[in-house]
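**Student:** The structure is given below, and queries will be raised subsequently.
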Amino acid sequence: MSTRAQQYAADVVAREQVTPHLVRLTLDVPGFVSTGIPDEWVGLVVPGQYQSRYYTVRSIDGSRLVLDVVVHPVGLVTEWASGDPVGQQATITEPKGSFDPPAEAGWLLLVGDLTALPAMARIAAEHGGRLPTRIVAEVPLDSRVEGYFPDGVEVTWLPTDGPSRLAQVVETLDFPDGPGYFWMAGESAQMRAIRKHLMRERKLPSAEYDVMGYWRSVAQRQPRAVDPGPIWRAGKAAGKSDEEIWADYDAAQEAGQ
Ligand SMILES: Cc1cc2nc3c(=O)[nH]c(=O)nc-3n(C[C@H](O)[C@H](O)[C@H](O)COP(=O)(O)OP(=O)(O)OC[C@H]3O[C@@H](n4cnc5c(N)ncnc54)[C@H](O)[C@@H]3O)c2cc1C
């Protein structure tokens, strides 16, 4: 059996500067098949490169995919998306998703930094009508995006001008009563701290949360981004929980540095 993930040619048809830190790219990807999982991500390989970076499919309309890309001081995709990619052809890999609330969940609590905005928006759009949903979004001072999330969802914006403080924030949050689903993504060290907190202090059953390290704060361009796809497939095949799989992903990123 081939372990090579399916790849798609992705023509960049539009670029919009949503905020100084967020660029929206619309890609035309004929033949793309969504998983239907609202936090699904794809690997993106920009022209002339072979390394992937991972991006959430913010929305889909026919063959058109929207990715919201955070641009930060230095980075492979950052530099490409900051220029003029319209008219260029990138490559994306087949999508994978992680969001998996238990059937008995009565609420959703979504927490994340700027990189998690697309997933939180799509989760809220697809599930927020059915389950009471609260979003806590930590964004740079100039990156609050009015109207980014659907109506009817409670949104708390946390403006920041420094390193993420999401781990501290989550420790002080009131979780709703009864079974629900806590979903969170952001900087990996913060996410590791939160997993410990959820396990040791809140004693949340692992089926009731999903905490994902989306990026690592390292001093330079990452030598190699680790593909979450094979780790995800191998973890699922081995019967691991989402938590165990994302912890494996963190460990693989550490080892790859
Ligand atoms: C499942 C999944 C879904 C994701 N979805 C999205 C998404 O929808 N939108 C999105 O923008 N990102 C998303 N990410 C995060 C994205 O893959 C990383 O931020 C990636 O490293 C960015 O690549 P780059 O080429 O710009 O920078 P890299 O070349 O990877 O890194 C260069 C430097 O930038 C730093 N850096 C990387 N990311 C950030 C950041 N966000 N803020 C500040 N510094 C950073 C690194 O520490 C490094 O020093 C997702 C990640 C995963 C695993």
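Only the coordinates and a few stated rules stand behind these numbers; no lab work does. As the structure is a prediction and not an experimental result, all values here were calculated from the model. Cβ: placed from backbone, ideal geometry, glycine included. Neighbour counts: every protein chain shown.
**Student:** Could you tell me, in Å, what Rg and Dmax come out for the Cα atoms of the chain?
**Tutor:** Using the Cα atoms of the chain, the pair Rg, Dmax is 17.4, 50 Å.
**Student:** Could you work out the relative contact order of segment 109-257, using alpha carbon pairs under 8 angstrom and six or more residues apart, expressed as a whole percent? List each step's numbers first, then the result.
**Tutor:** Values: 199 pairs, mean separation 30.9, N = 149.
Relative contact order of segment 109-257: 21 percent.
**Student:** Need one number: nm distance between label points at Val18 and His72, each 7 Å from Cα along Cα→Cβ, rounded to one decimal.
**Tutor:** About 1.7 nm separates the two model spin labels.
**Student:** On to the next question. What are the lysines whose alpha-carbon lies under 21 Å from the alpha-carbon of Lys196, with same-chain residues fewer than 8 places away excluded?
**Tutor:** Lys240
**Student:** Additional query: Please give the net charge around Ala251, taking every other residue with its beta carbon less than 11 angstrom from that of Ala251, where Lys and Arg add +1 and Asp and Glu add -1.
**Tutor:** It works out to a net charge of -3.
**Student:** Right, something else. Residue separation times 0.36 nm, minus the C-alpha to C-alpha distance between Ser82 and Arg216: what's the value?
**Tutor:** Fully extending the segment from Ser82 to Arg216 adds 46.2 nm.
**Student:** Taking amide H positions as placed in the peptide plane 1.01 Å from N, state which residues far from Val139 in sequence (5 or more) or on other chains have amide H under 5 Å from it.
**Tutor:** Leu158, Thr160
**Student:** Kindly express, to the nearest 10 degrees and within the range 0 to 90, the angle between helix 228-237's C-alpha long axis and the longest C-alpha principal axis of the chain.
**Tutor:** Relative to the chain, helix 228-237 is tipped by roughly 50 degrees.
**Student:** For segment 126-187, what class follows from the C-alpha gyration tensor (a ≥ b ≥ c being the square roots of its eigenvalues): rounded when a/c is under 1.5, otherwise prolate if a/b is larger than b/c, else oblate?
**Tutor:** On the way: a/c = 2.45, a/b = 1.28, b/c = 1.92.
Oblate.
**Student:** Then there is this: Net charge near Ser164, counting Lys/Arg +1 and Asp/Glu -1 over other residues with Cβ under 10 Å of its Cβ?
**Tutor:** In short, -2.
**Student:** With runs of 4+ DSSP H residues as the only contributors, calculate the mean residue ellipticity of the chain at 222 nm using -39,500 (n - 2.57) per run, divided by the residue total and rounded to the nearest 500.
**Tutor:** Taking each H run of at least 4 residues, the total per residue is -7500 deg cm²/dmol.
**Student:** Still on this structure: For the chain, what relative contact order do you get, as a whole percent, if you take Cα pairs closer than 8 Å and at least 6 residues apart?
**Tutor:** In percent, rounded to a whole number, it is 18.
**Student:** Would you calculate the separation in nanometres between label points at Leu141 and Glu254, each defined as 7 Å from the Cα along the Cα-to-beta-carbon direction?
**Tutor:** The modelled label-to-label distance comes out at 3.5 nm.
**Student:** Under the Karplus relation 6.51 cos²θ - 1.76 cosθ + 1.60, θ = phi - 60°, what is the ordered set of whole-Hz ³J(HN,Hα) values for segment 244-254, x standing for Gly and Pro?
**Tutor:** 5, 5, 6, 5, 4, 5, 4, 5, 5, 5, 4
**Student:** Indicate the gyration tensor shape class of segment 108-256 (rounded, prolate or oblate), computed on the Cα atoms with a ≥ b ≥ c the square roots of the eigenvalues: a/c under 1.5 is rounded; otherwise a/b larger than b/c is prolate and the rest oblate.
**Tutor:** In terms of gyration-tensor shape, oblate.
**Student:** Follow-up. Could you list the residues of segment 65-101 with an amide nitrogen less than 14 Å from a label point located 7 Å from the Cα of Gln51 in the Cα-to-C-beta direction?
**Tutor:** Residues passing the 14 Å test: 74-80.
**Student:** In addition: Run the numbers on segment 7-93 and let me know its relative contact order in percent, using alpha-carbon pairs under 8 Å that are six or more apart.
**Tutor:** About 40 percent, as a whole number.
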